[in-house]
1. Which residues, counting only those in region 309-355, are outside any loop (DSSP other than H, G, I, E, B), within 16 Å of the ligand (Cβ to nearest atom) and over 17 Å from the mean Cα position of the chain (by Cα)?
2. Being under 22 Å from Tyr5 (Cβ atoms) and in contact with a Leu (Cβ under 7 Å, 6 or more places away or on another chain) is the requirement here; does Ala304 meet it?
3. Test Thr268 against the stated conditions and say whether it is more than 16 Å from the ligand (Cβ to nearest atom), open to solvent by 50 Å² or more (accessible area, probe 1.4 Å) and of a type in the set (Ser, Thr, Tyr).
4. Do any strands (runs of 3 or more DSSP E) entirely within region 134-191 hold 1 or more residues that are out of contact with any Leu (no Cβ under 7 Å at 6 or more places or on another chain) and open to solvent by 30 Å² or more (accessible area, probe 1.4 Å), and if so, which?
5. Consider region 53-64. How many of its residues are under 17 Å from the mean Cα position of the chain (by Cα) and either open to solvent by 10 Å² or more (accessible area, probe 1.4 Å) or not small (Gly, Ala, Ser) (or both)?
6. Would you point out the residue of region 356-380, among those that are part of a loop (DSSP other than H, G, I, E, B) and not polar (S, T, N, Q), that is surrounded by the fewest Cβ atoms within 10 Å (Cβ to Cβ)?
7. Please go through region 276-293 and pick out each residue that is surrounded by 15 or more Cβ atoms within 10 Å (Cβ to Cβ) and without any contact (Cβ under 8 Å) to a residue 24 or more places away in the chain.
8. Output the qualifying pairs, or none if there are none: Cβ atoms under 6 angstrom, residues six or more apart or on different chains, first residue in region 226-244 and touching a residue at least 12 places away in the same chain (Cβ under 8 Å) and closer than 11 Å to Pro136 by Cα, second residue within 8 Å of the ligand (Cβ to nearest atom) and of a type outside the set (Ser, Thr, Tyr).
Amino acid sequence: MTDLYHMLDEAERAFITQLERFAAEELSPHAHATDESGEFVHAQLRALAQTGMMGANLPEAWGGADISAQALLRAVGVIAGACGSTVSALTAHYLATDSILLGGDDVARARYLPDAATGDRLGAFALTEPFAGSDPADMRTKATKTADGWHLKGRKCFISNGGVADFLVVFAVTDPAAAHRGISAFVVDKDTPGLQPGRAEKTMGLRGGHVWELDFDCQLPESVLLGAEGSGFKTAMKVLDNGRLEVAAMCIGIASAALTAATEWSKTRIIGGEPLAAKQGIRWQLADMALDLRAAELIALEAARLRQDGTRFSMQSSMAKLHASEMAGRVTDGAIQIHGGYGFTRDFPLERYARDVRIMRIYEGSSEIQRNIIAAHLLA
Ligand SMILES: CC(C)(COP(=O)(O)OP(=O)(O)OC[C@H]1O[C@@H](n2cnc3c(N)ncnc32)[C@H](O)[C@@H]1OP(=O)(O)O)[C@@H](O)C(=O)NCCC(=O)NCCSC(=O)CCS(=O)O
């Protein structure tokens, strides 16, 4: 088969090879137990840090792995194929570090990124609120100027890593009259008085990568403002362009694991004296799944190429996320179908894959929001 990632250089290939080994030896064996226990993936993230993956989205100057966007796409997919919970916590960390990279100055970058790249400090991205999901400009969390800084007050929800992160990029209204131009970003450290995590939500999938509700009633120093006042909304949108491509990568990785499992099962499962793979219905289904997956990879690779070139790629990122997340729903469901009753049991990873990918059509902008963004770009 064609090597879709032919553009990767030798160092990137070596990076991917060591990740594949790491994922097979250190992540896959624990993915089932993590899903069953619902324990947060602290141990996996600690181990992952040894591979350089915690800083794979960052340039070398800030301690990152300095790999191309195409290599990052592949790398995230490798981790996803082994453990959905781990990759989701990892990419939430990228949302936080990308916010500082894209929205902050060198002082903020130097303060947070090197430790985040080594995995010594974990990040979270706090944008969503109970009354502001699809439209973050509706947020109610406010940051009010005080004599010596900011008073931050409000509630965020569904924040991955929120209750365990060492630092959180928090978006808040600083000028209520200015709509999206009145939103600013702040970096809040974990032990800031007045930051109160609620309980981790009980979720359908990604059970080891928790999301939290967070309450803020904090007095913050002036220095925690990230970038210029009022620049927060645009920072969040730029970060989500990257994040949506990473969601596509996660979907590709999990769907790829499901397709591999379904292909192997078809070859070895004997029904009526012959392998399932001898039956045309199964062959056609496998072919459709492979085609769906391949299309998702090609769309994502186009977005990654634009990201790498530094061109705005919002539409391509939305296309990548939309297609990959819907594809992952179809492919994981098809893989369950091919496994029959076994696919429905928790002895096999198929039902976990299907549960883990379900949120990918919702978080970082639902499928409906991605369609709105694509249409807005087409019609502009
Ligand atoms: C759907 C939306 C994009 C709609 O937004 P708006 O219609 O309110 O905004 P626009 O008019 O399109 O843009 C306003 C302003 O921002 C600039 N902009 C917009 N997008 C970008 C971009 N990608 N890059 C740079 N700049 C951008 C645009 O040019 C305008 O600029 P001017 O003011 O004209 O100068 C948006 O509401 C949206 O994306 N909604 C979905 C929100 C979402 O994805 N939430 C997910 C939160 S995070 C999460 O789910 C998981 C986190 S975790 O795991 O913890």
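1. Asp309, Met315
2. Judged against the criteria, Ala304 is a match.
3. Details: more than 16 Å from the ligand (Cβ to nearest atom): yes; open to solvent by 50 Å² or more (accessible area, probe 1.4 Å): yes; of a type in the set (Ser, Thr, Tyr): yes.
Yes: the conditions hold for Thr268.
4. 142-146, 149-160, 183-189
5. First, the residues of region 53-64 that are under 17 Å from the mean Cα position of the chain (by Cα): 53-58.
If we keep only those that are either open to solvent by 10 Å² or more (accessible area, probe 1.4 Å) or not small (Gly, Ala, Ser) (or both) too, we end up with 53-54, 57-58.
Residues meeting the conditions: 4.
6. Step one: of region 356-380, the residues part of a loop (DSSP other than H, G, I, E, B) are 362-366, 380.
The next check asks that each one be not polar (S, T, N, Q); those that pass are 362-365, 380.
On the way: Ile362: 15, Tyr363: 21, Glu364: 28, Gly365: 24, Ala380: 6.
Among residues in region 356-380 that are part of a loop (DSSP other than H, G, I, E, B) and not polar (S, T, N, Q), the one surrounded by the fewest Cβ atoms within 10 Å (Cβ to Cβ) is Ala380.
7. If we filter region 276-293 for residues that are surrounded by 15 or more Cβ atoms within 10 Å (Cβ to Cβ), which is where we start, we get 276-277, 282, 285-286, 289-290, 292-293.
The answer is Ala277, and nothing else.
8. Phe233/His180; Ala236/Leu127
The values are calculated or read from the model by the stated rules, or taken from the named source; none is laboratory data. Everything quoted here is computed from the prediction, not taken from an experiment. Don't worry about glycine lacking a Cβ; one is built from the backbone with ideal geometry, like all the others, and counts go over all protein chains shown. Note: accessible area is taken over every heavy atom of the protein model, side chains too, but ligands, DNA and RNA are not part of it. Shrake-Rupley method; radii C 1.70, N 1.55, O 1.52, S 1.80 Å.
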